[in-house]
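First comes the structure, then the notes that go with it.
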Amino acid sequence: MNRIIIFDTTLRDGEQSPGASLNKEEKVAVALQLEKLGVDIIEAGFPVASPDDFNAVQEIARLIRRSGVCALARALEKDIDIAYEAIKAASEARIHTFISTSPIHLEHGMKRSQEEILTMTEHAVKRARGYVPDVEFSAMDASRTDIEYLCRVIEVAISAGATTINIPDTVGCAIPSCWYEFIRGIRARVQRFSDGIVLSVHCHDDLGLATANALAAIEAGAKQVECTINGLGERGGNTALEEVVMALKVRSEHFKKDTRIKTREIYQTSQLVSQLTGVAVQRNKAIVGANAFAHESGIHQDGVLKKRETFEIMRAEDVGWPSNRIVLGKHSGRHAIGARLEALGVHFSTMQMDRFYLEFKKTADKQKEISNDDLCALAQTILNQ
Ligand code: MN
């Protein structure tokens with residue numbers, strides 16, 4: 001199986017999301033957990049942005065040994081020099097430089113011509129290559145850039161020494177079928193991708209399509225995916241690492257790709273990022289939300305208790321949850337309630353169970369979830385009758 005490179009940008013794009021900023025110690029704690037999780041590259045920050053970010057990136061570069069460490073830099077000499085200063089102690093250091101390529105960014109943001117962008121790309125990548133052998137180049141707002149011009153920029157970046165070319169859907173406007181064609185079109189036009197230059201994508205979730213777009217890009221030949229824990233990131237967020245990794249794993253017969261991620265570390269990593277950033281994970285979030293492996297409906301509970309695979313496509317334990325969760329509530333059936341009572345050491349006759357079931361439903365209509373304590377108290381009233 002071919003391996004997909006997992007590039008985690010929780011500490012850069014994720015940390016840029018409103019209200020998610022982390023101090024140096026917190027960034028280091030997340031980086032150490034990302035290394036344990038097995039991500040290939042940790043984008044540790046944007047060193048020119050603040051002295052704090054510089055220090056955090058420098059500390060991460062010193063400590064991390066089993067993942068590459070990357071620093072972001074605009075296509076400016078100062079940024080690239082500072083990025084290198086921050087990551088030079090890393091065992092595998094990468095400089096990631098970027099420049100806008102879309103007409104709207106050139107006209108209103110950069111105020112530069114297409115030719116000037118080509119020159120800046122060449123200078124920036126060459127300068128970064130003067131420092132490290134591993135250089136990533138991103139064409140910001142690539143999804144709104146004309147493909148012919150985008151490919152000219154990519155050719156210049158590769159000739160100047162870029163080893164990874166990242167195609168960002170910066171504004172999150174891509175849709176899977178068109179994104180697939182776009183990525184395939186780039187690969188077909190740029191010969192050098194067949195010489196081992198890595199094609200990467202970076203997708204945003206403004207339309208809820210970041211994971212779908214990342215997977216479409218993999219099918220179109222992308223070798224690296226940029227993502228974040230819990231899908232943290234600017235606006236709607238980025239592609240969620242846990243979603244892409246588990247999609248590749250659960251549907252490996254389709255994708256035929258794997259990753260180096262130790263999936264049993266996913267839940268722990270998600271919790272750490274959520275606690276340190278203060279950004280809660282929504283209950284129904286795929287893979288890591290509180291309800292991801294919880295069942296309340298009677299039909300589902302009955303099925304899962306008989307054979308887990310009836311309603312689960314992956315094991316909760318495989319992504320680091322202690323187990324799946326049978327939640328007892330008003331939708332629950334006799335099978336799940338009976339199994340829980342047995343586990344709590346309550347053995348009812350059929351008649352007692354009939355009475356208990358009626359009482360249970362009355363209580364469950366009033367409260368959302370019935371805890372083990374509630375269950376025992378209710379069982380006691382039946383036993384006392
Ligand atoms: Mn981004």
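What residue, of LEU150, LEU199, is in a strand (DSSP E or B) and more than 16 Å from the ligand (Cβ to nearest atom)?
LEU199
Of the residues LEU72, LEU76, LEU34, LEU63, only one is crowded, with 20+ Cβ neighbours inside 10 Å, modelled with pLDDT of 95 or more and out of contact with any Ser or Thr (no Cβ under 7 Å at 6 or more places or on another chain); which?
That would be LEU72, the only listed residue that is crowded, with 20+ Cβ neighbours inside 10 Å, modelled with pLDDT of 95 or more and out of contact with any Ser or Thr (no Cβ under 7 Å at 6 or more places or on another chain).
I'd like the full set of residues that are within 11 Å of the ligand (Cβ to nearest atom) and either part of a loop (DSSP other than H, G, I, E, B) or under 12 Å from VAL39 (Cα atoms) (or both), limited to the range 1-20.
Those that are within 11 Å of the ligand (Cβ to nearest atom) and either part of a loop (DSSP other than H, G, I, E, B) or under 12 Å from VAL39 (Cα atoms) (or both): THR9, GLN16, SER17.
Against the condition surrounded by fewer than 16 Cβ atoms within 10 Å (Cβ to Cβ), more than 16 Å from the ligand (Cβ to nearest atom) and more than 19 Å from MET1 (Cβ to Cβ), how does ARG264 come out, does it pass?
Spelling it out, ARG264 is indeed surrounded by fewer than 16 Cβ atoms within 10 Å (Cβ to Cβ), more than 16 Å from the ligand (Cβ to nearest atom) and more than 19 Å from MET1 (Cβ to Cβ).
Pull up the range 202-218, narrow it to residues that are open to solvent by less than 20 Å² (accessible area, probe 1.4 Å) and more than 16 Å from the ligand (Cβ to nearest atom), then point me to the one that is farthest from ILE6 (Cα to Cα).
Within the range 202-218, the match that is farthest from ILE6 (Cα to Cα) is ALA216.
Of all residues in the range 294-322, which are over 15 Å from TYR267 (Cβ atoms) and in a helix (DSSP H, G or I)?
GLY298, ILE299, HIS300, GLN301, ASP302, GLY303, VAL304, LEU305, LYS306, ARG308, GLU309, THR310
I need every pair where a residue in the range 70-90 that is over 15 Å from GLN58 (Cβ atoms) has its Cβ under 8 Å from the Cβ of a residue that is open to solvent by 10 Å² or more (accessible area, probe 1.4 Å) and assigned to a strand (DSSP E or B), sequence separation at least 6 or different chains.
Going by the 8 Å Cβ cut-off, the qualifying pairs are ARG74/PHE98; ALA75/PHE98.
Among the residues of the range 297-323, count how many are free of Cβ contacts under 8 Å to residues at least 40 places away in the same chain and either touching a Lys or Arg at 6+ places or on another chain (Cβ under 6 Å) or crowded, with 18+ Cβ neighbours inside 10 Å (or both).
Of the residues in that region, 5 qualify.
The values are calculated or read from the model by the stated rules, or taken from the named source; none is laboratory data. For clarity, every value in this text was computed on a predicted model and none was experimentally measured. Every residue, glycine as well, gets a Cβ built from its backbone with ideal geometry; the counts of neighbours run over all protein chains shown. In case anyone asks, the SASA skips ligands and DNA or RNA and just uses the protein heavy atoms, side chains included. Shrake-Rupley method; radii C 1.70, N 1.55, O 1.52, S 1.80 Å.
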